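Q: One structure follows; several queries about it will come next.
The values are calculated or read from the model by the stated rules, or taken from the named source; none is laboratory data. Quick caveat, the model's predicted, so the values are computed rather than measured. Don't worry about glycine lacking a Cβ; one is built from the backbone with ideal geometry, like all the others, and counts go over all protein chains shown. Note: accessible area is taken over every heavy atom of the protein model, side chains too, but ligands, DNA and RNA are not part of it. Shrake-Rupley method; radii C 1.70, N 1.55, O 1.52, S 1.80 Å.
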Amino acid sequence: MPPSATRPGVTTAVAAFATLATVVGAIHYLEIPSLLSQRKRSRKVEKRCYDTEEEYSLAAFKTLTSQITLPTTYPLAIDVQKNIPIYDCSGFKGTETEALKDEIFHILYHGPGVFVFKHFFTNMATLDAANAAFASIIASEQAQPAGAKGDHFAPASANSRIWNSFSKHCIRDPASFVAYYSNPLFRLVSEAYLGPAYKLTTQLNVVKPGGAAQVSHRDYHLGFQTAEAVARWPKPMHDASRLLTLQGAVAHSDMPLESGPTRLLPFSQGFGEGFMAYRRGEFDAYFLEKYVALPLEKGDAVFFSPALFHAAGENRTADFERSANLIQVSSAFGKTMETVDSLPLVEKSWDILSEKCRKEGLNDEVEAFVCAVAEGYPFPTNLDRRPPAPGGMAPESEQDVLMRALSDGWNKEEVTEKLTEMRKASGA
Ligand SMILES: [Fe+2]
């Protein structure tokens, strides 16, 4: 057949393909499938809560958690090990912060759900001072009449646990507390996942030789409620729960694999029914088959979505205690797991902080400490007594007061008086 005879056919095929591509492009651009499903949702009333008797698809869970983390997705990471992106904090230059926050958020929300920050602390003296304060707190708590000190998912006898190590650390050794929480990396990871206002709570956990593994679970909020209680929360609150907290741990000792660092199942945070399903035997069995764990060095930190299926490992050593400071960073829009009263902590650490600020200026470390210890969110308040500031929509927060106090060189009495007055005015 002469070439000229094929041209009309080819032209027609190309034109048809181009038309089809345009139509598909338009459907995609206008988000028509999404509009149709929105229309369907708006006209059909469905069950708002999960049912405790409901079956959850293990096959879907397997598909979700069989994804692979591509190193190219996270160019700022130095490595990906066992699906977990690894960052080296000692290599951060400060110019990559926004891109780094984008990567972190992606990991926690869409990606594997967990990342490691190597060298989160590089000054071992800071960790040693914190460890000394913790040892002294454990000794004084052990001297008191015994109360149960276990965690939510492991027996008490295997652990030394300091609940609210955040406040106790400050009261025991304020200089060490200021050095520890002026680490700007706390602020970086917290802001990346939760935005500009958040609250830290921490617990020290020391797992002794022979300490058993935890059962696989999810964390705060819905992870710490019974299946019956969880089933009473509407389904979208299950998604909200994972966005209200960032979970993490700073290694206060080395954590070789035989000491039982946290077992993790990458990508499992994305399973919508996970707060119900993690309690089922078949999901736990799959977790035990597929979990990964990474050794950590003293000063490293791991952060993960509280919806990630995880469990502390078994300490199989004969004589090695694994020690970590567990961290929850809570959104200002949620409720924290423990009560932290910032006023006595500001009072205890003010002289050290203001001296640091005088010497170094209002730098990243000073700001990070203010963000860690004071409320960044001015609500709830009393809007009769504390109306929105002129030109603004909210009254001043504790952090605003502290920043002003540092700039203007207030002493401890002045700053605590102002905070006390603010609290009184915020009351009902
Ligand atoms: Fe946990």
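Q: Of Gln67, Thr416, Leu243, which is farthest along the charge dipole of the chain in the positive direction, counting Lys and Arg as +1 and Asp and Glu as -1 at C-beta?
A: Gln67
Q: Okay, next question. Could you rank the peptides 342-353, 358-369 by their average count of other C-beta atoms within 10 Å per residue, with the highest value first?
A: Peptide ranking by packing, descending: 342-353, 358-369.
Q: Shifting gears a bit: Determine the principal axes of the Cα atoms in segment 5-72, then give the extent along each, sorted from largest to smallest and rounded to whole angstroms.
A: For segment 5-72, the Cα extents along the three principal axes come out at 68, 40, 23 Å.
Q: Compute the relative contact order of segment 213-275 as a whole-number percentage, counting only Cα pairs closer than 8 Å that sit 6 or more residues apart in sequence.
A: Computed value for segment 213-275: 45 percent relative contact order.
Q: For the chain, what is the Kirkwood hydrodynamic radius in Å, using each pair of distinct C-alpha atoms?
A: Answer for the chain: a Kirkwood hydrodynamic radius of 24.2 Å.
Q: So, one more: Quick one: pull the percent of accessible area on segment 342-426 belonging to carbon and sulfur, 1.4 Å probe, ligands and nucleic acids left out.
A: Roughly 50 percent of what the probe reaches on segment 342-426 is carbon or sulfur.
Q: Lysine pairs in segment 1-134 with alpha-carbon atoms under 17 Å apart, 8 or more places apart or on different chains: how many are there?
A: 5
Q: Per residue, how many Å² of accessible area does the chain show with a 1.4 Å probe?
A: For the chain, the solvent-accessible area averages 49 Å² per residue.
Q: Convert each backbone phi in segment 213-221 into a coupling constant with the Karplus relation 6.51 cos²θ - 1.76 cosθ + 1.60 (shift: θ = phi - 60°), then list the ³J(HN,Hα) values in order as whole Hz, x for Gly and Pro.
A: Those phi angles translate into 6, 6, 7, 5, 7, 10, 10, 3, 8 Hz.
Q: Turning to a different aspect of this structure: Specify which residue in the list Ile352, Pro395, Phe369 is farthest towards the positive end of the charge dipole of segment 342-426, using unit charges on the beta carbon of Lys, Arg (+1) and Asp, Glu (-1), about the Cα centre.
A: Of the options given, the answer is Pro395.
Q: What does the charge add up to near Asp254, with Lys and Arg as +1, Asp and Glu as -1, over the other residues with Cβ less than 10 Å from its Cβ?
A: Summing Lys/Arg as +1 and Asp/Glu as -1 gives 0.
Q: Something else about it: Rg/Rh for segment 1-136: what does it come to with C-alpha atoms and Rh from Kirkwood?
A: My calculation puts Rg/Rh at 1.23.
Q: Now for a separate question. In debye, nearest 20, what is the charge dipole magnitude of the chain about its Cα centre with +1 on Lys and Arg Cβ and -1 on Asp and Glu Cβ, if you could check?
A: Computed about the Cα centre, the dipole is about 1300 debye.
Q: Please give the charge dipole size of segment 11-135, origin at the Cα centre, charges +1 on K and R Cβ atoms and -1 on D and E Cβ atoms. Round to the nearest 20 debye.
A: For segment 11-135, the charge dipole is close to 560 debye.
Q: Follow-up question, since we're still on this one. Among the lysines, which fall within straight-line cross-link reach of Lys418, defined as a Cα-Cα distance under 28 Å, with same-chain neighbours fewer than 8 residues apart omitted?
A: Partners within reach: Lys168, Lys199, Lys335, Lys348, Lys356, Lys359.
Q: Suppose we take every Cα in segment 369-428 and form the convex hull; what volume per residue is that in Å³?
A: Taking only Cα atoms, segment 369-428 has a hull volume of 88 Å³ per residue.
Q: Can you work out ³J(HN,Hα) from phi for every residue in segment 66-76, in order, using Karplus 6.51 cos²θ - 1.76 cosθ + 1.60 and θ = phi - 60°, giving whole Hz and x for Gly and Pro?
A: Result, rounded to whole Hz: 8, 5, 10, 7, 8, x, 5, 5, 10, x, 7.
Q: With unit charges on the beta carbon (Lys/Arg positive, Asp/Glu negative), name the residue among Tyr181, Leu326, Phe224 whose Cα is farthest towards the positive pole of the charge dipole of segment 71-331.
A: About the Cα centre, the residue reaching furthest to the positive side is Phe224.
Q: While we're on this one: Subtract the Cα-Cα distance of Arg386 and Asp102 from 0.36 nm times their separation in residues, and report this length gain in nm to one decimal.
A: In short, 98.7 nm is gained.
Q: Could you compute the net charge surrounding Pro209? Neighbours are other residues with a C-beta less than 15 Å from the C-beta of Pro209; K and R count +1, D and E count -1.
A: Taking every Cβ under 15 Å from that of Pro209, the sum is -2.
Q: Can you compute the charge dipole magnitude of segment 342-426 about its Cα centre, using +1 on each Lys and Arg Cβ and -1 on each Asp and Glu Cβ, nothing else charged? Give it in debye, rounded to the nearest 20.
A: 200
Q: What is the local net charge at Leu36, summed over the other residues whose Cβ is closer than 13 Å to its Cβ (Lys, Arg +1; Asp, Glu -1)?
A: Residues near Leu36 contribute +4 overall.
Q: Another one. Taking all protein chains as present, what is the carbon and sulfur share of the accessible area of segment 71-331, in % to the nearest whole number, probe 1.4 Å?
A: Of the solvent-accessible surface of segment 71-331, carbon and sulfur hold 56 percent.
Q: Could you compute how much accessible surface Val292 exposes when probed at 1.4 Å, giving the result in Å² to the nearest 10?
A: 30
Q: Convert each backbone phi in segment 374-387 into a coupling constant with the Karplus relation 6.51 cos²θ - 1.76 cosθ + 1.60 (shift: θ = phi - 60°), then list the ³J(HN,Hα) values in order as whole Hz, x for Gly and Pro.
A: Result, ordered by residue: 10, 5, x, 10, x, 10, x, 8, 10, 6, 5, 8, 10, x Hz.
Q: Cα extents of segment 243-358 along the three principal axes, largest first, in whole Å?
A: Rounded to whole Å, the extents work out to 55, 40, 20 Å.
Q: Could you rank the peptides 222-235, 271-284 by their average count of other C-beta atoms within 10 Å per residue, with the highest value first?
A: Per-residue mean Cβ counts within 10 Å order the peptides as 271-284, 222-235.
Q: Another one. I'd like the accessible area for Thr19: 1.4 Å probe, protein heavy atoms, all chains in place, Å² to the nearest 10.
A: The accessible area comes out at roughly 80 Å².
Q: Find how many whole Å separate the alpha carbon centroid of segment 298-328 from the alpha carbon centroid of segment 255-292.
A: Going from one Cα centre to the other spans 14 Å.
Q: Please pull out the direction-averaged projected area of segment 143-276, using the convex hull of its alpha-carbon atoms, in nm² to one decimal place.
A: Projected area, direction-averaged: 10.4 nm².
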